[in-house]
Amino acid sequence: MKQSLMFIPTLREVPADADIKSHQLLLRAGYIRQNTSGIYSYLPLAQKVLQNIQDIVRDEMNKAGASELLMPAMQQSELWQESGRWYSYGPELMRLKDRHGREFALGATHEEVITSLVRDEVKSYKRLPLALYQIQSKFRDEKRPRFGILRGREFIMKDAYSFHSSYESLDEMYDKMFTAYSNIFERCGLNFRAVIADSGAMGGKDTHEFMVLSEVGEDTIAYSDQSSFAANVEMAPVTAEYTRSDETCGELEKKETPSQKTIEEVAEFFEVAKEKCIKSLLFKADDRLVLVLSRGDHEINDIKVKNLFDARNVELATPEETKEALNCPIGFIGPIGVPEGIEVVADAAVKAIVNGVCGANEEGFHYISVDAERDLKVGQYADLRFIQEGDASPDGKGTIQFARGIEVGHIFKLGTRYSVDMNASYLDENGRSQPMIMGCYGIGVSRTLAAIVEQFNDENGIVWPEQIAPFDLHVVPANMKSDAQVALAEKVYADLGKTYSILFDDRAERAGVKFADSDLIGLPIRITAGKRAEENIVELKVRKTGEKLDVPVDELAETISRLL
Ligand code: ATP
Ligand code: MG
Ligand code: MG
Ligand code: MG
């Protein structure tokens, strides 16, 4: 590819608003441009890298027995109402209306769409297991889009979903996906760890995150220095600020402010909430109740919340107790809001009960709102909150070390969370109707690109791992006015072009500019036709090591095959 034909707008200056390496370099080297907060264009070089990552992802997904499809990004609200997430997902879900006033979501994830698709087509155990995946743009209105494409509001995800007639079959697929994910990130050249995403709730075998080790990671990993134990600690910062918020988790609470509700209305509200937000739980302590609506996209949330209350000897009210108990003040802990950190969530819950900060008011009840992301972390924090660096590890081997990680992948056993609510069932061998058992498996493809840059760079630019680089070779005639240099470079371009992908810098720029751009762009090998062109000698530079060799052109192919 001739560089003069490509769109690679490099920058000399470090962009002011980019505060981490990958964001700076992707802007400077002409890979991405921001359109608006959290929304980016991937320029031609980035598109090539994305394709390389996607090739690896597809290859491993196909090997795991999943087949590719493409689902719509526009999703009718009815599906999300069936699962309850229309009410519980919160403001991260981008919502819009068509000209008839029908409501839609822009796909933040596709459990609803795939469950509805499969339930309509798969009726018998004979058609299971079934695994499907897609690579597509996802939309999440992140509260804090940042670090460039590491946390965007529109980003590219590979999402896979599997359907089973037994938990053993789900376990098998989960293991295959675990292997596929390990292979994918290894083939991307990344230094990563698979970590238990939730250590408290389910014994740590039902959900894993794949974490790229990096100082700029937003997650904290506790790992053993002598075993494979690794878990997400989710050490959320503690702030003691309680915020009353009118911002709520969906239509339910928007109808009126809570302080206007009578106890009867609250009871009714709870009935609706129970139906719509499947993930609601009711806790009783002393003479007060706390209604917890967890985010509801994974059933594990409830268990985490339950663990938290168990740890404090707070009893979970039975459904029979509920009605009677509703005759006392109620506290509501919803999934949306401002306060940072799980300590706040935990304390808020306990304070709500003990001090009546929330819900002790005879006239009604107040909100304590809880951050949607943070409320995912209750059980984990309850379990791992006391872990310190240097502690013995939970599995009895080695001591605990901490590291920071970027979550690039997440695999999860969903069980029947969606199939029950959405009525996705099949007939078993005995002709009995059973809910399908499901798993889901996500990879942030665009985030992976940035994570690679975060791990592979130096002071001059990006240093792509060979299998990911947008081109294998950068061929650079140093001086376009020198016929000998141009002719030799063109010969190299033609000869090696049969075996390698090549970016050919045919621009009439100064050699210094070309070299600086070349380092910035970060292809594995640069071949320069320069001063010794007349002797048929080129200079070969290895980007990773900086090593430079003068190589006669007829030895070039062999030298490169040794290096790549
Ligand atoms: P995070 O904890 O970073 O918000 P998540 O747990 O919400 O991520 P999942 O729902 O597990 O994300 O989605 C699967 C994958 O999609 C994540 O592992 C991550 O790699 C990627 N991803 C999620 N949110 C974003 C985003 N805003 N920008 C880019 N990639 C993302
Ligand atoms: Mg998130
Ligand atoms: Mg996460
Ligand atoms: Mg996740």
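If you go through segment 408-456 and keep only what is touching a Pro at 6+ places or on another chain (Cβ under 7 Å), modelled with pLDDT under 95 and either assigned to a loop (DSSP other than H, G, I, E, B) or open to solvent by 10 Å² or more (accessible area, probe 1.4 Å) (or both), you end up with Thr416, Val420.
Examine segment 43-54 for a residue that is under 30 Å from Arg119 (Cα atoms) and either open to solvent by 20 Å² or more (accessible area, probe 1.4 Å) or under 21 Å from the mean Cα position of the chain (by Cα) (or both), and state whether such a residue exists. Yes - at least one qualifying residue is present in segment 43-54.
Any chance you could count how many residues in segment 3-21 are part of a helix (DSSP H, G or I) and more than 26 Å from Arg507 (Cα to Cα)? The number of residues fulfilling the criteria is 1. Determine whether segment 115-131 contains at least one residue that is over 30 Å from Ile20 (Cβ atoms), open to solvent by less than 40 Å² (accessible area, probe 1.4 Å) and within 16 Å of ligand 4 (Cβ to nearest atom). Checked segment 115-131: no residue is over 30 Å from Ile20 (Cβ atoms), open to solvent by less than 40 Å² (accessible area, probe 1.4 Å) and within 16 Å of ligand 4 (Cβ to nearest atom).
Using the structure shown, decide if Val492 is more than 28 Å from Leu11 (Cβ to Cβ) and not in a helix (DSSP H, G or I). Walk me through it before giving the result.
Working: more than 28 Å from Leu11 (Cβ to Cβ): yes; not in a helix (DSSP H, G or I): no.
In short, no.
Given the criteria outside any helix (DSSP H, G or I) and open to solvent by less than 30 Å² (accessible area, probe 1.4 Å), does Lys514 qualify?
Working: outside any helix (DSSP H, G or I): no; open to solvent by less than 30 Å² (accessible area, probe 1.4 Å): yes.
No; evaluated as a whole, the condition is false for this residue.
Total residues in segment 146-182 satisfying the condition of being open to solvent by 40 Å² or more (accessible area, probe 1.4 Å) and part of a loop (DSSP other than H, G, I, E, B): the figure is 2. Selection of first residues in segment 141-153 that are touching a residue at least 24 places away in the same chain (Cβ under 8 Å) and within 15 Å of Ala450 (Cβ to Cβ) and of second residues that are among the polar types (S, T, N, Q) and crowded, with 19+ Cβ neighbours inside 10 Å, restricted to Cβ pairs under 7 Å at least 6 apart or on distinct chains, gives the following pairs, ordered by first then second residue: Gly148/Ser22; Ile149/Ser446; Leu150/Ser22; Gly152/Ser446.
Of all residues in segment 525-540, those that are of a type in the set (S, T, N, Q) have Cβ atoms under 8 Å from Cβ atoms of residues that are open to solvent by 10 Å² or more (accessible area, probe 1.4 Å) and not in a helix (DSSP H, G or I), 6 or more apart or on another chain, in Thr528/Ala478; Thr528/Glu539; Thr528/Lys541; Asn536/Pro552.
Look at (1) within 16 Å of ligand 1 (Cβ to nearest atom); (2) more than 30 Å from Asp19 (Cβ to Cβ); (3) part of a strand (DSSP E or B); (4) not aliphatic (A, V, I, L, M) and you find that Phe104 fails only one, number (1). Taken over segment 7-30, the criterion of being open to solvent by less than 10 Å² (accessible area, probe 1.4 Å) and either among the basic types (Lys, Arg) or under 18 Å from Val513 (Cβ atoms) (or both) is satisfied by Leu25, Ala29, Gly30. Counting the residues of segment 64-87 that are at pLDDT below 95 and away from ligand 1 (no atom under 14 Å from the Cβ) gives 7.
The values are calculated or read from the model by the stated rules, or taken from the named source; none is laboratory data. Only a predicted model underlies this, so the values are computations on that prediction, with no experimental measurement involved. Heads up, the Cβs are rebuilt from the backbone with ideal geometry, glycines too, and the neighbour counts pull from every protein chain shown. Areas reflect the complete protein model, heavy atoms only, side chains present, ligands, DNA and RNA absent. Shrake-Rupley method; radii C 1.70, N 1.55, O 1.52, S 1.80 Å.
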